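Nothing in this text is a laboratory measurement; each read-out follows from the coordinates by a stated rule. Every value quoted in this text rests on a predicted model; they were computed, and no experiment measured them. As a convention, Cβ positions derive from the backbone with ideal geometry for all residues, glycine included, and neighbour counts pool all protein chains shown.
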Amino acid sequence: MRIDAHNHLGVRHGASQSGAELVKRLNRAGVDRAVAFPFVEGSIDNEVIAAATASQGERLIPFCAINPWHRGSAVAELHRRATQGFRGVKLHPTLHGYHLSDPGLMDPVFAAVRELGLVVICHGASDLYNTPLEFARIASRFPEVPVLMAHSGTFWSHDQAIEVAREVPNLYLETARVPVFEVAESVRELGPEKVIWGTDSPFVDYEVEFGKMERACGSPAAHELVVGGNLARLLGVTG
């Protein structure tokens, strides 16, 4: 099964994507399913994901997004969406202005994620608030929570991302918009079990983002794990 871990739905300044448009991209590339969450700039509209999932069926795997600064309402939103079948949560420390490993702000969020059995995908480019060490600290405090580092720490922190992912069992590197060389390095250094494919649509050429993975993974067995097998296991998806 081929599953894309990283897609935005909704409308924001300069970008938009509907559930139907995403499914068309999946069909053209030969991808089975895709994780979808809302844009996180400005107000967050998780209803966009609920509606898209209802209209597109099992092709889309719903994740909500939250801003932890909203504290009680953010945790309540996790609980509400989990009862609706949402499987994970998107975080973006850079846009919302917090350190990913801040205990006072983030521990209540991760405790709820752990309780609900969700998966976390978090913006993880080489930015101040979400460095690889921030990921290592929060993931180590919550070893039951699968954490995907979107963008694998590129560019300036990719080597450190590999280092911490090697040390923290529940931390995975996600490949959205990561060049082939760095993806191949992640697979080679960590093994394919620790790398998860994502695209970051609609901000990419979808078929290029999928096509690069065969070259980067190095073998059919590694490719099967990276482009879907690993995420299917974490989400408990069987078909």
Provide the gained length on full extension for the span VAL208 to LEU128, in nm with one decimal, where the gain is 0.36 nm per separating residue minus the Cα-Cα distance. 25.9 nm
For ASP107, project a label point 7 Å along Cα to C-beta. Then give me every residue of segment 42-77 with its amide nitrogen under 19 Å of that point. 68-76
R0 = 41 Å: FRET efficiency of GLU21 with TRP156, Cβ-based, nearest 0.05? 0.80
Within 10 Å, at most 16 other Cβ atoms, and a DSSP state outside H, G, I, E, B define an exposed site. Report the longest part of the chain free of exposed GluC sites (Glu not before Pro). 42-143
Footprinting exposure proxy for LEU95, LEU26, LEU234, LEU128 (fewest neighbouring C-beta atoms within 10 Å first): LEU128, LEU95, LEU234, LEU26
At R0 = 30 Å the Cβ-Cβ FRET efficiency linking GLU41 and GLU167, nearest 0.05, sits at 0.40
Two pseudo-spin positions, 7 Å from Cα along C-beta at ARG233 and at HIS99, lie apart in nanometres by 3.3 nm
Ranked VAL195, VAL208, VAL119, criterion: other C-beta atoms within 10 Å, fewest first: VAL208, VAL119, VAL195
Computed from the coordinates I sent, percent of Cα pairs over 23 Å apart equals one of (1) 54; (2) 42; (3) 49. Tell me the label. (2)
Rounded Å value of the spacing that divides the Cα centres of segment 103-124 and segment 12-74: 19 Å
Run the numbers for GLU58 and ARG141: contour at 0.36 nm per residue of separation, minus the present Cα-Cα distance, in nm. 26.6 nm
Output the antiparallel fraction of DSSP beta bridges having both residues in the chain, as a percent to the nearest 5. 10 percent
Listed residues THR131, THR94, THR199, most fluctuating in the chain (Gaussian network, C-alpha, under 10 Å): THR94
Starting from 0.36 nm per residue, how many nanometres of slack lie between VAL11 and ALA29 once their C-alpha separation is accounted for? 4.2 nm
